[in-house]
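The values are calculated or read from the model by the stated rules, or taken from the named source; none is laboratory data. Note that this is a predicted model, so its numbers are computed, not measured. Note that each Cβ is placed from the backbone with ideal geometry, even for glycine, and that neighbours are counted across all protein chains shown. For accessibility, only protein heavy atoms count, side chains too; no ligands or nucleic acids. Shrake-Rupley method; radii C 1.70, N 1.55, O 1.52, S 1.80 Å.
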Amino acid sequence: MALSTERLGRYNPDKPMENRITDLGPRHFWQYFPPIIQKNYGKWKYHEILEPGVLVHVSETGDKVFTVRCGGCRFMSVEHVREICEIADKYCDGYVRFTTRNNIEFMVDSPEKLEALKKDLMSRKHVSGSYKFPIGGTGAGLTNIVHTQGYLHCHTPATDASSMVKAVLDELFEYFQGMTFPAQVRISMACCLNMCGAVHCSDIALLGYHRKPPVIDHEVIEAMCEIPLVIAACPTGAISPAKTEDGKKTVKIKQERCMFCGNCYTMCLAVPLSDKEGDGVTILAGGKVSNRIHPPKFSKVVVPYLPNNFPRYPEVCQTVKKILEAYASDAKKYERIGDWAERIGWEKFFEKCDLPFTEHLIDDYRLAYDTYRTSTQFKYTEAAWEVSKAAGGI
Amino acid sequence: MAFEPREPQKELKYDELRIYTDEELNNYTEEELKNFKIKHDIPDVEELEKGPWPSFVADAKREALHRQKLPEDRMMIARECVEDLLGQLQLSFDDGETHWKHGGIVGVFGYGGGVIGRYSDVPEKYPSIAHFHTMRVNQPASKFYNTDYLRSICDLWEYRGSGLMNMHGSTGDIIFLGTFTEQLEPIFYELTHVLQQDLGGSGSNLRTPSCCVGRARCEWACFDTQDMCYELTHYYQDELHRPAFPYKFKFKFDGCPNCCVASIARADMSFIGTWRDEIRIDQEAVQAYINGEIAPNGGAHAGKDWGKFDIQKEVIDLCPTKCMRMEDGKLVIDNKECTRCMHCINVMPQALRPGTDTGVSILFGAKAPILEGAQMSMLTIPFMKVEPPYDNVKELIEKVWDWWMEEGKNRERLGELIQRYGVPKFLEVIEVPPMPQMVKEPRSNPYIFWKEEDVPGGWQRDIKDYRAKHKR
C-alpha cells in the first residue's frame with residue numbers, strides 16, 4: 001500500500017473512528033540492525049577509538065564493525081535525511097543510526113569501506129561552505145551539543161537554541177574534531193528553565209533565562225486562565241488574587257519575590273515574561289551523569305547573565321572557550337570539569353577561568369545551606385583579599 | 001539471538017510506499033541553490049550559514065528551494081512554510097522574543113498526547129506557518145534505521161507537513177516540526193495504517209521511553225536495553241497515549257553506570273545496568289596496557305601526549321574505593337569493596353569487563369529544576385534481575401504509579417512527591433525495607449516521625465494519670 005496523496009488521505013473526517021488503529025507503539029528495533037550488528041548482538045568484546053570520530057568494536061566472533069560519528073543538527077530537513085540515506089545506501093547497506101546527542105553514525109564492516117566513507121563524508125559541504133557531516137565527537141573531546149527548540153518552535157524561550165549551538169560549535173569546532181581534553185566534555189543547551197533538554201547535569205550548560213517579572217494581561221486573564229492554578233503555580237507565593245478597577249478578576253505579583261522561572265506562564269498565557277532587554281543566557285558548569293570515579297553531579301551557575309547577542313552570541317562563545325581553555329591546561333587526565341573544580345576549589349575555578357564572582361552565584365533558594373562553606377579550609381584569591389580589605393582586616 | 005516483536009512487522013519498502021518520483025526529488029541544481037534567495041530579508045539568520053559546523057539555515061534553505069520547485073499539488077501545506085519560518089526567526093532576533101503563541105490544544109482522536117499545538121502570533125506576515133503543530137513519532141529503540149523507513153517518513157512529512165524535523169527531540173522521539181490542523185489525522189492514519197508506526201508521548205503521560213545503544217554495539221550493556229525499552233513501551237501504550245498522571249513520567253534505560261542516556265538525571269524511573277559478581281580480568285591484556293601495547297581508555301586521549309600509561313596513577317589510585325592493587329605482577333580487585341563505577345573498565349576495556357551475573361539498579365525521582373530545584377534519581381533497588389516479560393519490573397512500576405496517581409498534586413513529579421511524603425513512605429508503598437545504600441549519610445537531625453504503633457502503649461494518654469504523679 002503506497003502512502004496516499006489525496007488531500008485527507010485515507011482519513012474520512014465524517015467517520016473519524018472508522019478503521020482507526022491505535023496503540024501500535026514503536027516499530028521493532030531488530031529489523032533496523034545491520035547484519036553485522038544482528039550477528040554480534042551481545043557478543044561485543046571491546047572497542048577502540050581509531051581517530052577522532054572513528055570507532056571500531058570487536059566481537060568475540062572476531063567480527064569488527066567500524067563506526068564513523070558525524071555531528072548533526074537536531075533540526076534537519078527531509079532533504080538532509082535523504083542525503084543521509086544516500087550515504088547509508090552507498091556504504092552501509094542502507095543502515096544508519098542516530099545517537100542520544102544528535103550525532104549520526106554510519107557503520108561499515110571493513111577498513112576499505114571505512115576509508116571511502118570518511119572521504120565522502122568530509123567532502124560534503126553546504127553551498128555556503130559549512131560541513132554537512134563533520135567527523136568527530138568521541139573520546140576526550142567535545143561532542144555535539146544537545147539542545148531545545150528555541151525561537152524555531154517554542155512559546156516560552158528566553159533565547160534561541162539552534163543559532164546559539166551553531167555559534168558555539170563553530171567557535172569550538174577544533175575540539176569536536178580533536179581529543180585533547182583531560183576527559184570528555186558535554187555541553188548542553190536549554191532555552192528556558194523548563195529545560196526540555198535537561199541540561200542540569202552537563203559539564204557546561206547554556207540556559208536561556210528571563211529577568212523581568214511577568215506582565216499581566218488583565219483584559220483576558222479571567223477568561224483564558226484558571227486563576228487559582230496561576231496562583232498555585234508560583235513557587236515563591238508571589239502571585240495573589242486581585243481585581244481590576246472595573247471589577248474584573250485578575251492577579252497581582254509581588255515583583256521582588258519573582259525568581260523568573262516562568263512556571264506561571266506555562267499555566268497561563270496572560271502572564272508573559274519574555275523581553276528583549278530582560279532575557280539572556282546563564283552558564284552552568286561542572287555537572288555530569290556518569291558514575292565514573294565520582295558520583296553524578298549537578299551543574300553549578302558560574303555566569304549569572306550574558307546578553308542575547310544574536311545571531312552569534314560572542315559573549316557566550318568567549319566565556320565557554322575561556323572555561324574550556326583553563327580546564328584543558330590545568331586539569332589532570334580523566335578529570336571532568338566538575339572534578340577539576342572540586343579538586344582545585346571553586347574559588348580557584350573562578351580565578352583560573354577569569355570569571356567574576358557575584359552575589360547572584362550564592363544560592364538563596366530552598367537548599368542553599370548545603371552550599372555554604374562551613375570550614376576554615378579555603379584558598380586565597382583576589383576575591384578573598386577584597387573581602388578582607390572591605391572588612392578592615394588588611 | 002533474534003527477537004520476536006509483539007506484533008508481526010510489516011516490511012516497509014520505499015519503492016512501494018513512495019510519493020515523490022526521482023525527478024521530483026532531484027528538482028534543483030547546486031547552482032540554483034547558490035543563487036536562491038528566500039522571500040524574506042534575513043541577514044542575521046543567513047549569517048549562520050558561515051562557519052564549519054553544519055548550518056541548519058543552509059539545510060532549511062535547501063528544503064525551501066525543493067518546495068519552490070515542486071508542483072503546487074504535491075504538498076498539502078503551503079510551499080513557503082520554510083521561508084516563513086526563517087523569516088519569523090529573523091523577526092525573533094530583531095525583537096529578542098519568540099513569536100509562537102502560547103499553547104493551543106490540538107491532537108488526534110482518542111490520544112491525549114503526541115501532538116503539540118503551535119501557532120504563529122504574526123500570521124499575517126507569515127501565513128504559511130499560521131499553524132505549525134509538532135507531531136512526536138515514537139522512535140525504534142536506540143535509533144537504528146534503514147533507509148526504506150527514513151525515506152518513507154520523509155515523503156510523508158514533506159507531502160503533509162513542512163519537511164522539517166528533529167532527529168531527534170530531547171526525549172528521543174522523531175519530531176515532525178510544523179503542519180496544519182487539517183493534516184494531523186491524515187498523517188496519523190498513514191503512520192498507523194501504512195507505516196505501522198505510532199505517536200510518542202507528551203503532556204501528563206508516560207513519555208516516550210528511550211535507551212542506550214546497548215548490546216547492539218557496546219560491550220558493557222548489563223541488560224538488554226532495547227528489548228526492555230521496547231517491551232515496556234508496548235506494554236504501557238495506554239499510559240503513553242492517554243493522560244491520567246499528575247504530570248510527565250519518564251523511563252530511561254542505561255546499560256551500565258556510564259549512563260549514556262542520562263537516566264539518572266532525567267528519568268522518574270532510571271534503569272541502570274550493573275552486576276553482582278566479579279569484574280572479569282584478562283591479565284595478559286593488563287600487561288599489554290602496562291607495556292604500552294594498547295592505548296588506554298580505548299584511545300580516547302590520543303590527541304595529546306599524556307606520557308606513558310601508569311596503571312598505579314591512572315587506575316589504582318583513582319579507584320574511588322581503593323579496592324585494586326598489583327600483586328606479583330597481577331592486577332587484583334577486591335570485588336566486595338567495588339562500587340562498579342566503571343573507571344578501570346573504561347580505561348582498560350580489553351583487560352577488564354563487567355561481571356556476567358548482571359541486572360539493573362533502579363533509581364527514582366530525577367527531574368529538571370522546575371519547580372523545587374533539580375533532582376537526580378535516588379538509588380532504591382540495588383539489584384534486580386530483568387528478563388522478558390519483566391513482570392517483576394511491571395509490578396514495581398504499578399505500585400509506584402498507583403501511589404503517585406492517588407497522592408500526586410497537579411504537575412508534581414514523582415521525585416517531588418517522594419520529597420513531600422518522605423522516603424520512608426515511598427518504601428512502604430513499594431514494599432521494600434530501608435538500606436543504608438539509599439542515602440549518602442544518615443540524617444543529622446533527630447526529628448524522627450515516630451508512628452504510634454512504634455511506641456509501646458500507644459499515644460492515647462490521660463492527663464489525669466500524668467497529674468497524679470506531677471503537680472502543676
Dipole check, segment B:14-194, charges on Cβ (K,R +1; D,E -1), about Cα centroid: among B:Leu17, B:Val108, B:Tyr149 the Cα furthest to the positive pole belongs to B:Val108
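Output needed for segment A:51-164: three equivalent-ellipsoid semi-axes, defined as square roots of 5 times the C-alpha gyration tensor eigenvalues, in descending order, whole Å.
Working from the Cα gyration tensor, I get semi-axes of 28, 16, 13 Å.
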For chain B, find the longest principal axis of its Cα atoms and tell me its angle to the long axis of helix B:391-407, 0 to 90°, nearest 10. 90
Give me the dipole magnitude in Debye, nearest 20, for segment B:280-353 about the Cα centre, with unit charges on the beta carbon: positive for Lys and Arg, negative for Asp and Glu. 240
With springs only between Cα atoms under 10 Å, which of A:Ile204, A:Ile37, A:Ile187 fluctuates most in a Gaussian network model of chain A? A:Ile37
Sorted by accessible surface (1.4 Å probe, heavy atoms of the protein chains only), largest first, B:Asp454, B:Asp73, A:Asp203 come out as B:Asp73, B:Asp454, A:Asp203
Given 0.36 nm per residue, what is the gain on full extension from A:Ala390 to A:Val220 after removing their alpha carbon distance, in nm? 56.1 nm
The A/B contact buries a total accessible area, at probe radius 1.4 Å and rounded to the nearest 100 Å², of 13800
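Per Stokes-Einstein, at 37 °C and 0.692 mPa s, what whole-number D in µm² s⁻¹ belongs to segment B:316-403, with the Kirkwood radius over Cα pairs as the hydrodynamic radius? Could you put the intermediate results ahead of the total?
Values: Rh = 16.3 Å.
In µm²/s, the coefficient rounds to 202.
Is chain B best put as rounded, prolate or oblate by its Cα gyration tensor, with a ≥ b ≥ c the root eigenvalues, rounded for a/c under 1.5, and otherwise prolate when a/b is larger than b/c, oblate when not? Walk me through the intermediate numbers first.
On the way: a/c = 2.12, a/b = 1.38, b/c = 1.54.
Verdict is oblate for chain B.
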Excluding ligands, DNA and RNA, what is the solvent-accessible area per residue of segment A:122-256 at a probe of 1.4 Å, expressed in Å²? 33
Sequence neighbours fewer than 8 away in the same chain don't count; with that in mind, list the lysines whose C-alpha is under 22 Å from A:Lys132. A:Lys90, A:Lys113, A:Lys118, A:Lys119, A:Lys166, B:Lys34, B:Lys37, B:Lys50, B:Lys61, B:Lys143
If amide H atoms are built 1.01 Å from N in the plane of the peptide, which residues on other chains or at least 5 residues away come under 5 Å of the amide H of A:Thr250? A:Ala242, A:Lys243, A:Thr244
Could you list the square roots of 5 times each eigenvalue of the Cα gyration tensor of segment B:280-353, that is, the equivalent ellipsoid semi-axes, sorted largest first and rounded to whole Å? 19, 13, 11
Suppose accessible area is computed on protein heavy atoms with a 1.4 Å probe; arrange A:Thr143, A:Thr376 from highest to lowest. A:Thr376, A:Thr143
Can you pull out the GluC sites (Glu not before Pro) in segment B:1-56 whose DSSP state is coil and whose Cβ has at most 16 other Cβ atoms within 10 Å? B:Glu11
State the answer as a single residue: which of B:Gln437, B:Leu414, B:Ala468 lies farthest towards the positive end of the charge dipole of segment B:386-472, with beta carbon charges of +1 for Lys and Arg and -1 for Asp and Glu, about the Cα centre. B:Ala468
Can you tell me the relative contact order of segment B:317-472? Whole percent, Cα pairs under 8 Å, sequence separation 6 or more. 13
Please give the solvent-accessible surface of B:Arg467 in Å², to the nearest 10, using a probe radius of 1.4 Å with every protein chain present. 90
Given bins 10 angstrom wide, list per bin the percent of all Cα-Cα distances in the protein assembly as shown, short to long. 2, 12, 22, 26, 21, 11, 4, 1, 1, 0, 0
Once you sort the root eigenvalues of the Cα gyration tensor of chain A as a ≥ b ≥ c, which label holds: rounded (a/c under 1.5), prolate (a/b larger than b/c) or oblate (the other case)? oblate
Hey, what angle do you get for helix B:147-160 against the long axis of chain B, alpha-carbon based, 0 to 90 degrees rounded to 10? 60
Chain B: Cys lacking any partner C-beta under 4.7 angstrom: B:Cys81, B:Cys154, B:Cys218, B:Cys222, B:Cys256, B:Cys259, B:Cys319, B:Cys323, B:Cys338, B:Cys341, B:Cys344
In degrees rounded to 10, the 0-90 angle between helix B:81-95 Cα long axis and the longest Cα principal axis of chain B is 60
In whole Hz, with x marking every Gly and Pro, tabulate ³J(HN,Hα) for segment A:322-327 from phi via Karplus 6.51 cos²θ - 1.76 cosθ + 1.60, θ = phi - 60°. 4, 4, 5, 5, 5, 4
What figure, in Å² to the nearest 10, do you get for the accessible area of B:Cys341 with a 1.4 Å probe and non-protein molecules left out? 20
Quick one: 3J(HN,Hα) in Hz for segment A:274-283, Karplus 6.51/-1.76/1.60 with θ = phi - 60°, rounded, Gly and Pro as x. 4, 6, 4, 7, x, 7, x, 10, 10, 10
Would you grab the residues whose amide H sits under 5 Å from the one on B:Cys211? Only those 5+ places off in sequence or on another chain, please, with H modelled 1.01 Å from N. B:Ser142, B:Phe253
Sort A:Met17, A:Met189, B:Met376, B:Met76 from largest to smallest accessible area, using a 1.4 Å probe on the heavy atoms of the protein chains. A:Met17, B:Met376, B:Met76, A:Met189
